[in-house]
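The values are calculated or read from the model by the stated rules, or taken from the named source; none is laboratory data. Note that this is a predicted model, so its numbers are computed, not measured. Note that each Cβ is placed from the backbone with ideal geometry, even for glycine, and that neighbours are counted across all protein chains shown.
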Amino acid sequence: MAHVDGQGTTAARRADRRNGERRLTPLERALRERIQNEGPITVEAYMEACNAYYYATRDPLGRDGDFTTAPEISQMFGEMIGAALADAWARAGKPSDAIYAELGPGRGSLAADALRVLRRAGFEGAVHLIETSPVLRVQQGERVPDAQWHDSIEDLPAAPLLLVANEFFDALPVRQFVAGFERKVMIAAGGLAFDRDGEIMESSPARDGAVSAIATCLAQSGGVALVIDYGHEKTAPGDTLQAVRGHRYVPTLVDPGEQDLTSHVDFEALRRAATDAGAATTQVVTQGDWLQRLGIQARADALAKSHPKRAEELEIAIDRLCHEEQMGQLFKVLAIRSPEWPIPAGFPE
Ligand code: SAH
């Protein structure tokens, strides 16, 4: 809040006192009412409610927002993806009915950068964006004016897919279990609290369902999907739920709906869901290795040659995207493909 006048401050203080010294967010008020009526809600229900509200009410990206993603760091990220998809499409025989599809496209930067490369390679297919946030749909429309929007993957037309999902799966809700019991959120000591602690196992029917829907399309109509997210290659116990606001970690149960709630993606679970639905998968590679194999350094060198003033900015971007202490190691990439399509570039054969 940039400016608080005297009256507002007094009113806010009064409200704070009423609510036990802390002002409740609109969503927290609704969640408390729900918990009072229904009893404790699952972590999954909590995460789903928080993110639906959060994304519907703002553009969270960039320096002034809550977090920054790879396509917002550099145009090279989307360009590498465009080149990898163009190459896979060419090797599959350039099917003219193929479409570009993206899940949770944020500001539309990745789509714009990838499509520039795809169009140059002769790809003329339609653009389908899966996005539930009205605020972000407006942003995407500014960068990709010819797109068509859908609420869910099931709404995609039956056509060969060139699909991308960057930092989409981490926002889909997870279930948490402690010793076989589902972890829930309750009201305690005037605030929201978890009903149990201990060694936590996570699973995500929402992620499995999304992968299964993509894999079914790929198996039926052909194509390839690139999934990029932070997470782990093998299923392992651990509480990975986290909240970020203003580029800082914050407690997960405070100010629900006003911060980005995510959890690490279990790539082993995604691979299993894809294979079960009839698609083939690649090995999981780190974002750093993948971008280097796709030739991001050569792209940076070419851009620096034509724009010498940008040379330093380009090297900083490569460092942020690829260095193991930045995004290079924590972020992983998986390709899911039709068994009829080639293994995309950037992955081991
Ligand atoms: N891919 C973008 C944005 C990542 S943020 C980037 O890399 O910059 C997550 C995105 O997923 C946002 O666009 C958000 O609105 C969208 N999203 C979150 N949950 C969703 C859901 N259940 N269905 C469709 N889109 C969703």
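Total residues in region 65-94 satisfying the condition of being without any contact (Cβ under 8 Å) to a residue 60 or more places away in the chain and more than 15 Å from the ligand (Cβ to nearest atom): the figure is 4.
Let's see how each residue does on (1) within 14 Å of the ligand (Cβ to nearest atom); (2) aliphatic (A, V, I, L, M); (3) out of contact with any Cys (no Cβ under 9 Å at 6 or more places or on another chain); (4) in contact (Cβ under 8 Å) with a residue 24 or more places away in the chain:
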{"position": "R58", "(1), (2), (3), (4)": "yes, no, yes, yes"}
{"position": "L61", "(1), (2), (3), (4)": "yes, yes, yes, yes"}
{"position": "G108", "(1), (2), (3), (4)": "yes, no, yes, yes"}
{"position": "A126", "(1), (2), (3), (4)": "no, yes, yes, yes"}
{"position": "I130", "(1), (2), (3), (4)": "yes, yes, yes, yes"}
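Beta carbons closer than 6 Å, at least 6 apart along the sequence or on distinct chains, pair a first residue in region 182-205 that is closer than 22 Å to H232 by Cβ with a second that is among the β-branched types (V, I, T) and not in a strand (DSSP E or B) for R183/V43; E202/V174; S204/V174.
Residues of region 256-292 that are surrounded by fewer than 21 Cβ atoms within 10 Å (Cβ to Cβ) and either under 14 Å from F77 (Cβ atoms) or modelled with pLDDT under 95 (or both): Q292 alone. Among the residues of this structure, A210 does not count as one that is farther than 30 Å from T252 by Cα, buried (at least 21 other Cβ atoms within 10 Å of the Cβ) and small (G, A, S). Once region 246-271 is narrowed to residues that are without any contact (Cβ under 8 Å) to a residue 60 or more places away in the chain and charged (D, E, K, R), the residue that is nearest to the ligand (Cβ to nearest atom) is R248. Would you call R320 within 17 Å of D170 (Cβ to Cβ) and modelled with pLDDT of 95 or more? Against the criterion (within 17 Å of D170 (Cβ to Cβ) and modelled with pLDDT of 95 or more), R320 does not qualify.
Residues in region 151-171 that are within 9 Å of the ligand (Cβ to nearest atom), out of contact with any Ser or Thr (no Cβ under 7 Å at 6 or more places or on another chain) and not in a helix (DSSP H, G or I): S152, V164, A165, F168. So which residues in region 221-240 are among the β-branched types (V, I, T) and over 17 Å from the mean Cα position of the chain (by Cα)? Those that are among the β-branched types (V, I, T) and over 17 Å from the mean Cα position of the chain (by Cα): V224, T235. Restrict the check to region 317-329 and report whether at least one residue is touching a strand residue (DSSP E or B) at 6+ places or on another chain (Cβ under 7 Å), farther than 20 Å from R63 by Cα and assigned to a helix (DSSP H, G or I). The answer is no, given that none of the residues of region 317-329 is touching a strand residue (DSSP E or B) at 6+ places or on another chain (Cβ under 7 Å), farther than 20 Å from R63 by Cα and assigned to a helix (DSSP H, G or I). Residue check: is D97 more than 28 Å from C322 (Cα to Cα) and either in contact (Cβ under 8 Å) with a residue 40 or more places away in the chain or within 12 Å of the ligand (Cβ to nearest atom) (or both)? Judged against the criteria, D97 is a match.
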